[in-house]
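I have placed the structure first, in the form of structure tokens, so that the comments after it can refer back to it.
Any read-out appearing in this document is the output of simple, stated calculations on the displayed coordinates, not a laboratory observation. Source: prediction; values computed, not measured. In this analysis, Cβ positions are derived from the backbone assuming ideal geometry, glycine residues included, and neighbour counts consider all displayed protein chains.
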Amino acid sequence: GNSVTQMEGPVTLSEEAFLTINCTYTATGYPSLFWYVQYPGEGLQLLLKATKADDKGSNKGFEATYRKETTSFHLEKGSVQVSDSAVYFCASIAGTASKLTFGTGTRLQVTL
Amino acid sequence: EAGVAQSPRYKIIEKRQSVAFWCNPISGHATLYWYQQILGQGPKLLIQFQNNGVVDDSQLPKDRFSAERLKGVDSTLKIQPAKLEDSAVYLCASSLAGQGLIETQYFGPGTRLLVL
């Protein structure tokens, strides 16, 4: 079956630090991959996505590259801000279904 | 453009009681999803509608959960009777296209349910 594994949190960083949140997937075929973000008290928002191998999704300074050889989609940001504090979810859609399979989420806390 | 609306935002009930959640998707979105998010876990799909038909309800506990989308627009999710393990955030999402296409799902703010 399809599954997504992401690093456990919480991740605590100082402002302007480099961020990496690891995500790996298992799927039949070649899934589409997503990062969603959930700010406190709000719903999930799509942060970025990639639909095929070697694609790079980017948004708001965040990037993730679809790596087929390592079945990974790690989220990175060069310089985090306090406003990036949130829970980040890696997710996949495989095959012809449109069902999202989520990881367990990684909480990021950025301090001054 | 208005987002996905959900109500209520919070609900506290006792076990064995019933509860209903409402969702109004983004206008024109054909596909509607209900997810359950238990604390510390990622959301899990409960049911997916394409217009007013059910596409996937394989993970819906049908002995106690039911959902409908009668006119292909808004939807209700009901739990009867509720159990302690139903305490979770219930998320509604919608997307423009139908099954087979990879479209962005837009999520509502969720309904936080606590069963005592």
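Classify the stretch B:49-91 as rounded, prolate or oblate from the Cα gyration tensor: take a ≥ b ≥ c as the square roots of its eigenvalues, call it rounded if a/c is under 1.5, otherwise prolate when a/b beats b/c and oblate if not.
It is prolate, given that a/c is not under 1.5 and a/b is the larger ratio.
Give the calculated FRET efficiency between residue A:51 and residue B:22 to the nearest 0.05, with a Förster radius of 41 Å applied to their Cβ-Cβ distance.
Using R0 = 41 Å, I get an efficiency of 0.80.
Return a whole-number percent for the relative contact order of chain A, with Cα pairs under 8 Å and 6 or more residues apart as the contact set.
Relative contact order for chain A comes out at 38 percent.
Apply the Debye scattering formula to chain B, with a single equal point scatterer on each alpha-carbon and no solvent, then give log10 I(q)/I(0) at q = 0.11 Å⁻¹.
Each listed q corresponds, in turn, to -0.32.
Roughly what would the spin-label model give for residue A:69 and residue A:3, points 7 Å off Cα along C-beta, in nm?
Roughly 2.5 nm, to one decimal.
I'd like the distance between the alpha-carbon centres of the stretch B:52-113 and the stretch A:62-112, rounded to an integer number of Å.
23
For the protein assembly as shown, take the convex hull of the Cα atoms, compute a quarter of its surface area, and give me that in nm², please.
Computed as one quarter of the Cα hull surface, the answer is 12.4 nm².
Suppose R0 equals 30 Å. What FRET efficiency, 1/(1 + (r/R0)^6) with r the Cβ-Cβ distance, do residue B:64 and residue A:104 give to the nearest 0.05?
Rounded to the nearest 0.05, the efficiency is 0.75.
Rg to Rh for chain A: what is it, with Cα atoms only and Rh by Kirkwood?
Here the Rg-to-Rh quotient is 0.96.
Relative contact order of chain B, please, whole-number percent, based on alpha carbon pairs below 8 angstrom and at least 6 residues apart.
Relative contact order here is 37 percent.
Report the FRET efficiency, 1/(1 + (r/R0)^6), for residue A:16 and residue B:96, where r is their Cβ-Cβ distance and R0 is 41 Å, rounded to 0.05.
The pair residue A:16/residue B:96 has a calculated efficiency of 0.65.
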